[in-house]
Amino acid sequence: MDARQVSRLTARWIETLSGEDSTVISGLGVRPLLAILAELADGPARDELIEAAGGPYGGLLQTPELRMALGLWTRPEIPLQPGVDRLLPPEVRGQLTDQEALDAWVVEQTGGLLKRMPIQLSDDVLLVLASALALQTKWALPFNEYPRGDRRWLSRADQDLDSLQVYDGPTGPLTVITVVGTGEFDVRLVAGEPGSGRGAVLAAALELTGDGVSGAELLADAPSSRWKRLFSRERPAPAVEVIDSMSPVPTVVLSMPYFEIDAEHDLLEHPEVFGLTSAMDTSTGHFPGLSPFPLAVSQAKQAVMARFSATGFEAAAVTAMAMAAGSAPMPGGKALKVSLDQPFGFIAVHRPTGIPVVAGWVNYS
């Protein structure tokens, strides 16, 4: 699985979401379904799914902290093609019976972080294909928790000045603070200039490469040549200020709200993002590699959650697609203070590969 494929899908998706409220999505949860369906489809549906997935199905990302799973359920009257075994072996398949059985699978695969399948069963639903993921990681450097107004706030002082980087984004400077986990996953907190929109900030953050201007450079007496090249001297790093500190060791002092976000998304509101426009056409079937019975996508939804606490980060997502019948025959003395009082983004990233697991926005204003 290529990090660029998941990042591209996630960025395209986040830019289509309306509003500026808190939310969270998982492009990683959607992509395996698109790639699998692309291999089983034909005609325009296949071409659109290949473009959206960005490449062939390459398996699931599995680590001690991240669990991913696939499930396929069919009505008894829907036969499957023999080639399905290569992508969806018998052990991940079951008979489509009732909503409770699907919900139980969600609870099992996410460790209870999510409770129900976002797809709603009806007499028209002949097949359900779903993915689930659950991420649980602990911080290498935990936060302190304290009350602030009616919210729980978190703070810590990190001696790693490189944990803070400022990038030249397409809409202005982006401040990125990396909160390192004890295993293979980190969470990047992203602040744009005040007033920057959710879609622009997160899309830009998902496409960043290389190093920005580090916290050490920001603390230097004179701005670095790279800072001068990227920004005017008067242009501040968003959400960052230099403060006096009691500690002789330079630190990045981060304060931010505890957050827990739940969201549900209907992928068919923007089918072009996911390559599902043709696959929704019920006048014909689109997946001869899946079943000789003509099938078209009738539902595509994702339920997702993320929780950032003093000790770690948890996220889970279940993405499901339901299919109905197609009607036609088949074819040092100073510190950097970062206070995330403004809306900000977050991206949970697999450090070895750069694959984003979930991306979201926190807006308590």
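A few comments on the model shown:
- Taking each DSSP H run with n ≥ 4 as -39500 (n - 2.57) and averaging over every residue of the chain yields -6000 deg cm²/dmol at 222 nm.
- Extent of the chain along its three principal axes (Cα atoms, max minus min coordinate, largest first): 73, 38, 33 Å.
- Computed over the alpha carbons of the stretch 58-148, Rg followed by Dmax gives 17.2, 59 Å.
- Using the Cβ-Cβ distance between residue 262 and residue 2 with R0 set to 25 Å, the FRET efficiency from 1/(1 + (r/R0)^6) comes to roughly 0.30.
- Distance between modelled label sites at residue 91 and residue 341, nm, 7 Å Cα→Cβ extension: 5.4 nm
- 17 Å cut-off, amide nitrogen to a point 7 angstrom out along residue 81 Cα→Cβ, residues in the stretch 31-71: 33-50, 56-57
- Distance between the pseudo-spin-label points of residue 120 and residue 18 (7 Å out from Cα toward the beta carbon): 1.9 nm.
- Residues residue 311 and residue 243, FRET efficiency given R0 of 30 Å [Cβ-Cβ distance, rounded to 0.05]: 0.70
- The 3J(HN,Hα) values that the Karplus relation (6.51, -1.76, 1.60; θ = phi - 60°) gives for the stretch 209-216 are, in residue order, 9, x, 9, x, 7, 7, x, 4 Hz. Gly and Pro appear as x.
Just so you know, all these numbers are worked out from the coordinates, no wet-lab data involved. As the structure is a computational prediction, the values presented were derived from the model and not from experiment. In this analysis, Cβ positions are derived from the backbone assuming ideal geometry, glycine residues included, and neighbour counts consider all displayed protein chains.
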